[in-house]
Amino acid sequence: MCGIMGYLGERDTVEVLLEGLRRLEYRGYDSAGVAVLVDGKVEVVKAKGKISVLEEVLEGKKPEGSVGIAHTRWATHGPPSKKNAHPHADCKGHIAIVHNGIIENYLELREKLQAEGHKFRSETDTETLAHLFEKYYDGDLEKAVRRGLKEVKGSYAVVAISDRDPGVLIAARQYSPLIVGLGEKPGENFVASDPSAILSFTRKAYLIDNGEMVVLTRDRVEVKTLAGKAVKKSVFHIEWDAEMAEKGGHKHFMIKEIFEQPHALRETIGERIAGGEAALKLDRLNLTDAYLRRVKKVAIIACGTASYAGMAVQYALEKLCGVPVMVDVASELQHRECVFDKETLGIAISQSGETADTLQAMRMARRQGAKLLAITNVIGSSVARESNGVLYIHAGPEIGVASTKAYTSQIMAMLLFCVHLGLVRGTIKPTAARRLLRGMKRLPDQAEEFLEGEAAHVEELARKYKDVMRYLYLGRGAHYCTAMEGALKIKEIAYLDAEGYAAGEMKHGPLALVTEEVGVLSAVVEGPHYEKSIGNLQEIRARGGKVIAVANEGDEEIQKYADDVIRIPKTEEVLSPVLAGIPMQLYAYYVADLWDREIDQPRNLAKSVTVE
Ligand code: F6R
């Protein structure tokens, strides 16, 4: 949450900063600001609202200089306002800083600094840092930042400039993401929250680790520990290209990303399925067969949509590998005792790879002896770096705040792992593995076929049910996750009331919600739960609820029990969550669009949740 960007160089600094902020806007969008060094003075311009508001404010009065920092905010301490927007300055306006994270001891620090005479202007935790650096400034910004950060507890990616150290940017990281972009042409460098911000300028980067500081000038980048010891970094090449982060003619990123799923799924498979063999090439897995045979329990560590992807694979892992799997949201998991031990494999799933709750739960798991496998989209992200092994999903940048292509690619990546685990443990025979892998290889084409053939029908249904204000999403077995994910999508982007439920739980309470006003979306694919799922639809229709069923092509029976049917191609039941997730995304998207919602940036949310 919150995006930060810094630049030194000859280009139009404000334009570079704004371009970075636009790419980071998915991280937070309630206020924004820039600070630029102009003729030996720090000039700060801020605005409440999206980046476009800041752009309007800057029109015609852009500060001009060759060093600047910028920020787009997702409020934690103090409501969204111009006053609380970053950059924040010290008392005399010599130092300006931008920050992402949470300063846990800010109240204590603030009181101390106020008692020493520092004047605060905002309600933020961040402003404390500006005054702290001011307190320790004696002619060297780097030293002041290092000294100040010694007193700070919490998480931060912070970038500072000072008019008394022109030509220098100081950045530091503790638990919040930070990347340095190395100028492709001489005389410029960048710093930002994530690679998307610097894509249009450079592909060469340093990934900054926890406890590291960076001193940047136009011609030099020095990475050190917070204690001042030099750190040697290797150059990291960003593979994503700038075009992948554009809307490419679509109205929203979300719909573009929904339609990108066939491609994303092909990329997730990549070269991992070895010809017609019942074998997989999971090159960065780093978990030996001997260890995988010893694993007694798998714990999925994830939040939101990523945790629902975990639920999909819970079903597959238990069914195909006979290993017990526990799924709980990471925000809860990190506080539960005795969940992990040496024979537990933690699978951390995270699109961004920077979700604070997920990282905290992972650290707890490691402390208790578990090994970790990361399933993430962002190469070199914290989740990847803090795990023993990693399977990148290679879905390409996901900009829409509501996760879509990452969800299906996460399931695909984990299904690949599931087959590997089953082969290693002998619970999946090579013939069954070959059948499953053939099924997986067909999924991208089937997703394509569905999008080409059924998207218009889903749009029609969204129009038909536009006035439905309350939804229930139901599923059983492999599709409990589909229900949870469908409900989350419509809640977050259409702002409609929706509950996701295990269909079998209806009679234990939620059936009381069903009236003629309620819309029910239910995934009913062919498999062991089909009959029971049909029973649930009957219970709902008997009470007047309207049913849209997501069912297999060729299933004629379903028509008797549903008002409308969305058809998905047939596949193995354990693989079907990949396909069943797509109509749920499309339905939520089209409903939200009819309501004219801000689909890519829903209210109160941010894409990368880097605070607990
Ligand atoms: C919902 C959504 C969120 C994320 C969650 C975890 O559409 O995107 O629920 O899934 O915040 O984010 P990552 O996957 O980045 O850890």
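Quick notes on this structure:
- Fewest-first ordering of Phe201, Phe236 by other beta carbons within 10 Å of each residue's beta carbon gives Phe236, Phe201.
- For the chain, the fraction of alpha-carbon pairs lying more than 33 Å apart is 47 percent, rounded to a whole number.
- Exposure proxy ranking, count of Cβ atoms within 10 Å, fewest first, for Arg463, Arg266: Arg463, Arg266
- Taking the Cα centre of the chain as origin and assigning +1 to Lys and Arg Cβ atoms and -1 to Asp and Glu Cβ atoms, the resulting dipole is close to 1640 debye.
- Taking Cα atoms only, the orientation of helix 430-464 departs from the longest principal axis of the chain by about 80 degrees.
- Nearest-ten-degree value, helix 13-24 long axis tilted from longest Cα axis of the chain: 20
- Ratio Rg/Rh, restricted to region 86-190 and using Cα atoms, in which Rh is the Kirkwood radius: 0.97
- Relative contact order (%) - criterion: Cα under 8 Å, at least six apart; region: region 351-449: 19
- Looking at the chain alone, DSSP beta bridges between its own residues are antiparallel in about 60 percent of cases.
- Compared with the alpha-carbon gap, the fully stretched path from Glu59 to His250 is longer by 66.0 nm at 0.36 nm per residue.
- Subset of Lys296/Lys405; Lys464/Lys491; Lys232/Lys342; Lys119/Lys224; Lys82/Lys251 violating a 26 Å alpha-carbon distance limit: Lys296/Lys405; Lys232/Lys342; Lys119/Lys224; Lys82/Lys251
- Here r is the Cβ-Cβ distance between Ser200 and Ala542 and R0 is 41 Å; the resulting FRET efficiency, rounded to 0.05, is 0.10.
- Relative protection proxy for 206-218, 155-167, 346-358, from highest mean packing down: 346-358, 155-167, 206-218 (other beta-carbon atoms within 10 angstrom).
- Over 23 Å (Cα to Cα) - which of Lys41/Lys61; Lys371/Lys607; Lys46/Lys256; Lys62/Lys83 fall in this group: Lys371/Lys607; Lys46/Lys256
- Principal axis dimensions, largest first and in whole angstrom, of region 455-612 by Cα: 42, 34, 33
- Spatially proximal lysines relative to Lys185 (Cα-Cα < 20 Å; intrachain offsets below 8 disregarded): Lys204, Lys233
- Anisotropy class of region 66-130 from Cα gyration tensor, a/c 1.5 cut: oblate
- Only the Cβ atoms of Lys and Arg (+1) and of Asp and Glu (-1) were treated as charged; on that basis the dipole of region 483-601 about its Cα centre amounts to roughly 260 debye.
- The helix-based estimate of mean residue ellipticity at 222 nm for the chain, built from -39,500 (n - 2.57) per DSSP H run of four or more residues and divided by its residue count, is -11000 deg cm²/dmol to the nearest 500.
- The percentage of C-alpha pairs in region 3-246 whose separation is greater than 32 Å is 11%.
- Taken along the Cα-to-beta-carbon direction at a fixed 7 Å, the label points for Lys185 and Lys112 span 4.6 nm.
- Averaging the sequence gap over all C-alpha pairs within less than 8 Å and six or more residues apart, then dividing by the number of residues, gives the chain a relative contact order of 12 percent.
- For region 466-517, the pair-distance distribution built from all alpha carbon pairs, in bins 10 Å wide starting at 0, is 27, 53, 20, 0 percent.
- Relative to the dominant Cα principal axis of the chain, helix 304-321 is inclined by about 50°.
- Under a 5 Å amide H cut-off, with hydrogens placed 1.01 Å from N, Glu188 pairs with Gly183 among residues at least 5 apart or on other chains.
- The mean sequence distance of close C-alpha pairs (under 8 Å, at least 6 residues apart), as a share of the length of region 3-246, puts its relative contact order at 19 percent.
- Within region 276-349, all pairs of alpha-carbon atoms sorted by distance into 5 Å bins from zero give the percentages 3, 14, 23, 25, 21, 10, 3, 1, 0.
- Note on region 256-594: Cα Rg divided by 2.2 N^0.38 Å, N the number of residues, gives 0.95.
- The modelled label-to-label distance between Ala230 and Cys91, using points 7 Å beyond Cα along the C-beta direction, is 3.8 nm.
- Other residues within the sphere of radius under 15 Å centred on the Cβ of Ala290, judged by their own Cβ, net out at +4 (K and R +1, D and E -1).
- Where the alpha-carbon atoms of region 36-144 are placed on the principal axes, they occupy 40, 32, 21 Å, in descending order.
- Ser52-Arg294 pseudo-label distance in nm [points 7 Å out on the Cα-to-Cβ vector]: 5.7
- Neighbour counting of Cβ atoms within 10 Å sorts the residues His118, His508, fewest neighbours leading, into His508, His118.
- Potential lengthening between Met469 and Arg367 on full extension [0.36 nm per residue; Cα-Cα distance subtracted]: 32.2 nm
Readers should treat all values here as calculations from the given coordinates under stated rules, not as data from a laboratory. This one's a predicted model, so the numbers in the text were calculated from it and none came from an experiment. Reconstructed Cβ throughout: ideal geometry from the backbone, glycine too, with neighbour counts over all protein chains shown.
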